[in-house]
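Notes to accompany the following structure.
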Amino acid sequence: MTLSSSTLQSIQQAGLGLYQAHQAVSADVQAGGARAMAQMASQPFSPDNDAAYKKLLSLARMAHELQAMEEQLKALYAQASEAASPDLPVLIALGSDGGRGDGGRAAPRPDKASAEEAVVKPAAARKSKAVQGKKPRLSPNDEKVMAVLTSLLDRRSARVVTQASLAQATGIPLGSIGRSLRNLVAAGSIKEGPKGAYRLV
């Protein structure tokens with residue numbers, strides 16, 4: 001039994017929706033984080049700070065959950081592609097613009113190299129995902145630090161963030177910030193660069 005082209009397209013559209021939702025929530029988290037940090041800096045003892053921070057933390061968790069769902073659907077899409085009829089045209093990868101950005105016209109068929117990236121990941125990649133499934137569990141302090149980092153960092157380039165500024169923004173003791181950063185690096189949530197620079201993964 002093989003899967004039809006329409007079935008693959010349905011899975012692809014679901015992945016595109018998750019990708020767009022993740023990008024939208026992440027953008028809101030970054031904007032909200034910048035406002036929250038500015039408010040904490042100008043009014044550090046305001047009673048509204050705790051409520052604003054809890055809302056920001058909730059949105060950051062939502063962004064991470066959407067990202068996890070997106071990764072799971074990518075894996076399902078790869079499995080579905082293996083079960084597809086061999087004479088079907090290759091669909092583009094999940095997490096892209098779905099080929100609809102140019103006036104609603106379908107995207108041209110990708111070349112062989114693009115097709116290999118879009119469809120089936122090698123066994124080594126799937127094994128790597130299994131290893132990543134054993135990431136350490138994040139503590140409440142780790143999640144607080146991650147919420148602030150999500151509002152400050154992006155995936156394109158590393159940015160220097162001091163432990164003192166994180167301690168001030170989160171209310172966590174300075175001695176615990178370093179441990180949270182190490183936990184986040186080990187969990188694959190952030191990547192450490194030179195001289196205290198970090199970026200999102």
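When residues of the range 164-201 are filtered for being part of a strand (DSSP E or B), within 27 Å of Asn49 (Cα to Cα) and not aromatic (Phe, Trp, Tyr), how many remain?
So the first thing to find is which residues in the range 164-201 are part of a strand (DSSP E or B), and the list is 190-192, 197-200.
From what is left, the residues that are within 27 Å of Asn49 (Cα to Cα) are 190, 197-200.
Those still in the list that are not aromatic (Phe, Trp, Tyr) too: 190, 197, 199-200.
The number of residues fulfilling the criteria is 4.
Given the residues Ser6, Ser81, Ser10, which is the only one that is exposed (fewer than 12 other Cβ atoms within 10 Å of the Cβ) and in a helix (DSSP H, G or I)? Even if it seems obvious, please write down each step before you answer.
Values: Ser81 fails: exposed (fewer than 12 other Cβ atoms within 10 Å of the Cβ); Ser10 fails: exposed (fewer than 12 other Cβ atoms within 10 Å of the Cβ).
Just one listed residue meets the conditions, Ser6.
Please go through the range 128-147 and pick out each residue that is of a type in the set (A, V, I, L, M, F, W, C) and modelled with pLDDT under 85.
So the first thing to find is which residues in the range 128-147 are of a type in the set (A, V, I, L, M, F, W, C), and the list is 130-131, 138, 145-147.
Correct list: Ala130, Val131.
The values are calculated or read from the model by the stated rules, or taken from the named source; none is laboratory data. Every value quoted in this text rests on a predicted model; they were computed, and no experiment measured them. Here the Cβ is made from the backbone with ideal geometry for all residues, glycine too, and neighbour counts use every protein chain on show.
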